[in-house]
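Below: one structure, written as structure tokens.
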Amino acid sequence: MKTHRVAVVGCGMLARSVHLPNCVKNPRIKLAATCDADPSVAEAARKEFGAERSETDWKKLVGAPDIDCFILATHTNLRGAFITAALEAGKPVYTEKPLAPNRAEMMEIVACARKTGVPVCVGHNRRSSPAILEVKRLLDRVRGGAPAIPPTIFRGKDRPPVPEQHWQSLLLRIMDDARSWKDWIFHDEEGILFSEMVHFIDLALWLTPARPVRVIGEGSVRGNFTLIYRFDDGSMATLHHSLAGHFDYPKELLEASVGHVTVAMDQHIEVRQCGLGDEAGLKTFPWAEDSPWAKERGMAAYFSEIEKERALAAREGRPPRWLNVTKGHAAHLDRFLTHLEGRGENPCPVESAVAVNRLALKSLEAVRTGHPVALGPEDWHVV
Ligand SMILES: NC(=O)c1ccc[n+]([C@@H]2O[C@H](COP(=O)([O-])OP(=O)(O)OC[C@H]3O[C@@H](n4cnc5c(N)ncnc54)[C@H](O)[C@@H]3O)[C@@H](O)[C@H]2O)c1
């Protein structure tokens, strides 16, 4: 088994809660260095996760012989300069989303990745969530011709099909809680719409085999907005975000219908489908490894496990534990390592993230101006 000597640049909330623990758990990774502009953060992360060394200046790491590849987990304040330097030094980069703050910086990264041939993977990790991979498999079967079984009430037997029956209709609902977000999201000009929605814009593009032609947006870019994307085959994707929800409510719901098959994914723990007669109607997926206390699986269990945990925590006089789910972070990184070893596809190549980023920027424009914004090849095609 090959060992990848990884350095993590930016050791804030996401790195400490996700990437650094995932590096420690992954037998293919040796944590070579932690790097943060704040020396106390870099050193604390080194100690907590057992890295060989810590550093405050990423420029000292890019050419270092003891590092094979990087995880970049800073905000978009550091993207192009770092990624291009790492690629020039022959070191692959797993970068957090959003890929870059603007179109020019994105293209610098793409040009450098093409020139060097060194891979970049973008952290649109929902693509590696087991539940979402199952959604993709089911939708691909429908597109591959798997027929839907007839409904119990079937009045349209003698009617020729209407085109709308073949347009995909996708809903992505994100139930968020303003009280659980860090302050920066409310100071940042682009808000959650840019920093967080790229995950879901990525899913909308990844799951819809058509070109987006228009976005309509309404709400506040900080949170509480609805975005509607229209595609050139008639398909539509609606992204609905709310900051008025409760953090402990299941946050992510996806519902896709096409060709009379409906596939739903709830909080990465349950996939339901109706229409494919040879597939199970309900599948459940495990909780995250850091929630071993939850025993039952599936959406019904979500609520009963939370209620049981609240009661137990009250009896024990401690705060209730959070019920965490697997959103694909560890698998996304692991798939990238497999790709680096020449044994699989890059789970999110940099070029596919360019369209996502550009659509996110156009979606900001749609919400800010209150007008529909046209999407064209300059958004989804990368020259
Ligand atoms: N994939 C996901 O599910 C997911 C979830 C949360 C956040 N994110 C993304 O992860 C990134 C980081 O988010 P966070 O919440 O951890 O932020 P954070 O503010 O907690 O951490 C960022 C860290 O980067 C460090 N940093 C900034 N500039 C640096 C530089 N030039 N060199 C070295 N270190 C530097 C900061 O000191 C800080 O410790 C963001 O891009 C965010 O969108 C992704």
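What follows is calculated from the coordinates using simple rules that are stated; it is not laboratory data. These numbers come from a predicted model, not from an experiment. Heads up, the Cβs are rebuilt from the backbone with ideal geometry, glycines too, and the neighbour counts pull from every protein chain shown.
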For segment 338-349, 3J(HN,Hα) per residue [Karplus equation, 6.51 cos²θ - 1.76 cosθ + 1.60, θ = phi - 60°, Hz, x = Gly/Pro]: 4, 4, 4, 8, x, 10, x, 7, 5, x, 7, x
Zone residues, segment 1-20, relative to PHE186, backbone N less than 11 Å from point 7 Å out along Cα-to-Cβ: none
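Do the alpha carbons of any pairs in LYS251/LYS295; LYS97/LYS136; LYS25/LYS136; LYS115/LYS136 sit beyond 25 Å of each other, and which pairs? Spell out each step's value before the answer.
Details: LYS251/LYS295 20 Å; LYS97/LYS136 21 Å; LYS25/LYS136 27 Å; LYS115/LYS136 32 Å.
Long pairs (Cα-Cα over 25 Å): LYS25/LYS136; LYS115/LYS136.
With +1 on each Lys and Arg Cβ and -1 on each Asp and Glu Cβ, how big is the dipole of the chain about its Cα centre, in debye rounded to the nearest 20?
Working: 49 positive and 49 negative charges, 120 e Å.
Dipole size: approximately 580 debye.
Under the rule of -39500 (n - 2.57) per DSSP H run of 4 or more residues, summed and divided by the residues of the chain, what mean residue ellipticity at 222 nm is obtained, to the nearest 500 deg cm²/dmol?
Numbers: 13 runs with 131 residues, N = 383.
Using -39500 (n - 2.57) per qualifying helix, the result is -10000 deg cm²/dmol.
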Chymotrypsin sites (Phe, Trp or Tyr not before Pro), loop per DSSP, at most 14 other Cβ atoms within 10 Å - longest free stretch of the chain: 1-153
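Could you give the longest part of the chain that holds none of the GluC sites (Glu not before Pro) found in DSSP loops with at most 15 neighbouring Cβ atoms within 10 Å?
Values: sites that count: GLU52, GLU189, GLU289, GLU296, GLU341, GLU345.
The answer is 53-188.
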Chain lengthening between GLU307 and ASP57 when straightened (0.36 nm per residue, less Cα-Cα): 85.4 nm
Modelled FRET efficiency - R0 41 Å, TRP293 with LEU78, Cβ distances, 0.05 increments: 0.65
Placed amide H near VAL325: partners under 5 Å, 5+ positions off or other chain: ALA288
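Quick check: residue separation of LEU282 and LYS47 times 0.36 nm, minus the Cα distance between them. What number comes out in nm?
Numbers: separation 235, 0.36 × 235 = 84.60 nm, distance 4.32 nm.
So the extension gain works out to 80.3 nm.
On a full-extension model of 0.36 nm per residue, what is the gain between ILE149 and TRP322, subtracting their alpha-carbon distance, rounded to one decimal in nm? The partial results should precede the final answer.
Details: separation 173, 0.36 × 173 = 62.28 nm, distance 3.96 nm.
Length difference between fully extended and current span is 58.3 nm.
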Built amide H within the under 5 Å cut-off of ARG211, gap 5+: ASP232, ASP233
Under 5 Å, built H, 5+ apart or other chain: amide partners of CYS121: VAL93, TYR94, THR95
Phi to ³J(HN,Hα) by Karplus 6.51 cos²θ - 1.76 cosθ + 1.60 over segment 302-319, Hz, x for Gly, Pro: 3, 6, 6, 5, 5, 5, 4, 5, 4, 5, 5, 4, 5, 5, 8, x, 9, x
